[in-house]
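Enquirer: Sending over a structure as structure tokens; questions will come in a sec.
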Amino acid sequence: MNPVEIIRKKRDGEELDPEEIRWMIAEFTVGRLADYQMSALAMAVFLQGMTPVETAALTDAMTTSGSLIAWGDGSPVVDKHSTGGVGDKISLVLAPLLAACGLRVPMISGRGLGATGGTLDKLEAIPGFRTDLSLSELQAQVESIGCVITGASDEIAPADRRLYALRDVTATVSSIPLITASIMSKKLAEGLDQLVLDVKFGVGAFMKTELRAVELARSLVRTGTRNGVQTTAVITDMNQPVGRMVGNAVEVDEAVRVLQGEVIDDVSELLFALGIPILQNSGIAATFDDAYRCLERKISEGSAFEKFAEMVRCQGGDLQQLPGRRHSRDVLIPQHGFVGEMDAQVIGQAIIDMGGGRRTMLDKIDPRPGIEVLVRIGDPVDMGQPWARLYNVDNNDVAEQITVQLTGALTIVDQSSDPIETILETIR
Ligand code: URA
């Protein structure tokens, strides 16, 4: 096959044959296709898009560029993926919760991307916690305790790793077919029966509008289903952080409190919205109410927290050593009124600026800095009331700079507005 002709076809808006897509990815994976040709194809896809058949072929080619996990007989194998959001600690709770319900959960997660934190960075706030398990370690842990949360090893979808690095530096990240193939190739390699996706939109998300989020969700669901995994997507709002805590160690602490029964409104809503379809589709629960009760019971009887603690121990972590919270300072409401908007992106960026995220690939993360968000959009507020609380910021100048940054994150309005709905719709 001729790579120049394949690039030209896509550039001119023609549909590629699945065989042409497979050949390009196979050649790229073994280093026989130059990065500049793959980049040119990525840009052509970015500009021209892909049909569902092309997207499925790209996803399949990227999935089979590495190992596929094969599971023996046993309970259904399931996973959840989020497109990423500020304060999003749902995976930390949902993986052990679903395992406590009897499912097998091989969760392969990622690191922070831009202002959104990553599940692996959060878990690494627990001293000793390993996120670099090999595929055989991953499989053994799932078979023995039911769940694992670890990073993608080189064995999983290596074509995605190489292509993502090129997309990152060629302005081709935000293309729906490329995002679909990237996310789904890693999930399909896990050998799943069921997948639930949290597709977020808003200021703190990858997809800025609900329309784009729905478009991405439809593409993800269609591609998962075509490739043999029952896939459900939930469209959720990301215009304010998930829960109250933002930052690595403080989010683990909040996840633990939820696992121990504390109810934090939007966190609980997300847990149920994402957990219920998995329990129903995998036959663990016959009805919506059964699924709801199962999730609720596993939390209230303590087995979900026990499962989390077991997972942490198996992966070498010591939960007792999780860094604590030392109050540094409060950010105050500047005038009376109602919370109109909250820029979750600014809050996520503040964590990076306090050392809790990366500016370059080589940066080392300090897990301790945290922000507690004390208000929600729509709340009535008084001048001088604290709305954000900074934790573990050792340097006063940094604390001052963050206070100024955060002041710009909140808009106070005169009229009350309706509180934001967290869950918008479910796409099957
Ligand atoms: N997450 C991924 O894994 N890939 C993308 O392309 C975007 C988000």
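The numbers here are math on the coordinates, done by the rules we state, and not lab data. Just so it is clear, the model here is predicted, and its values are computed rather than measured. No Cβ is skipped: glycine too gets one built from the backbone with ideal geometry, and neighbour counts run over all protein chains shown.
Enquirer: With each run of n ≥ 4 DSSP H residues scored as -39500 (n - 2.57), what mean residue ellipticity at 222 nm is computed for the chain after dividing by its residue count and rounding to the nearest 500 deg cm²/dmol?
Expert: Calculated from helices alone, the mean residue ellipticity at 222 nm is -13500 deg cm²/dmol.
Enquirer: May I ask you to derive the relative contact order of the range 324-413, considering only C-alpha pairs under 8 Å and at least 6 residues apart, and to give it as an integer percent?
Expert: Relative contact order here is 49 percent.
Enquirer: Can you sort 299, 145 from fewest to most other Cβ atoms within 10 Å of each residue's own Cβ?
Expert: Ranking 299, 145 by Cβ neighbours within 10 Å, fewest first, gives 145, 299.
Enquirer: Rounded to two decimal places and with Rh computed the Kirkwood way over Cα pairs, what is Rg over Rh for the range 324-413?
Expert: When Rh is taken as the Kirkwood radius, the ratio is 0.99.
Enquirer: Hey, can you grab everything whose amide H is under 5 Å from the amide H of residue 341? Only 5+ residues off in sequence or another chain; H modelled, so Pro and N-termini drop out.
Expert: 411
Enquirer: Fewest first, what order do 135, 424, 94, 295 take by the number of other Cβ atoms within 10 Å?
Expert: Final ranking by Cβ density, sparse to dense: 424, 135, 295, 94.
Enquirer: Next question, about the same structure. Charges on Cβ only, +1 for Lys and Arg, -1 for Asp and Glu, centred on the Cα centroid of the chain; of 178, 308, 21, which one is farthest towards the dipole's positive end?
Expert: 21
Enquirer: Let me ask something else about it. Once the range 232-318 is represented by equal point scatterers at the alpha-carbon sites, with solvent omitted, what log10 I(q)/I(0) does the Debye formula produce at q = 0.17, 0.21 Å⁻¹?
Expert: Calculated log10 I(q)/I(0) at the listed q: -0.83, -1.15.
Enquirer: Given 348, 44, 66, which one lies farthest toward the positive end of the charge dipole of the chain, if we put +1 on the Cβ of every Lys and Arg and -1 on the Cβ of every Asp and Glu?
Expert: About the Cα centre, the residue reaching furthest to the positive side is 66.
Enquirer: Return a whole-number percent for the relative contact order of the chain, with Cα pairs under 8 Å and 6 or more residues apart as the contact set.
Expert: This gives 19 percent for the chain.
Enquirer: Dividing the alpha-carbon Rg of the range 70-121 by 2.2 N^0.38 Å yields what?
Expert: Normalised Rg, Cα atoms only: 1.27.
Enquirer: Can you tell which of 96, 386, 177 shows the greatest fluctuation in a Gaussian network model of the chain with Cα springs below 10 Å?
Expert: Per the Cα network of the chain with a 10 Å cutoff, 386 tops the list.
Enquirer: In the calculated pair distance distribution of the chain, what percentage of Cα-Cα distances lie above 32 Å?
Expert: 37 percent
Enquirer: Sticking with this one: DSSP H helices in the chain with Cα extent of 20 Å or more along the helix axis and mean Kyte-Doolittle hydropathy at least 0.0?
Expert: 265-281
Enquirer: Would you kindly calculate the translational diffusion coefficient of the range 3-49, applying Stokes-Einstein with the Kirkwood radius from alpha carbon pairs, for 25 °C and a viscosity of 0.890 mPa s, and quote it in µm² s⁻¹ without decimals?
Expert: D = 234 µm²/s.
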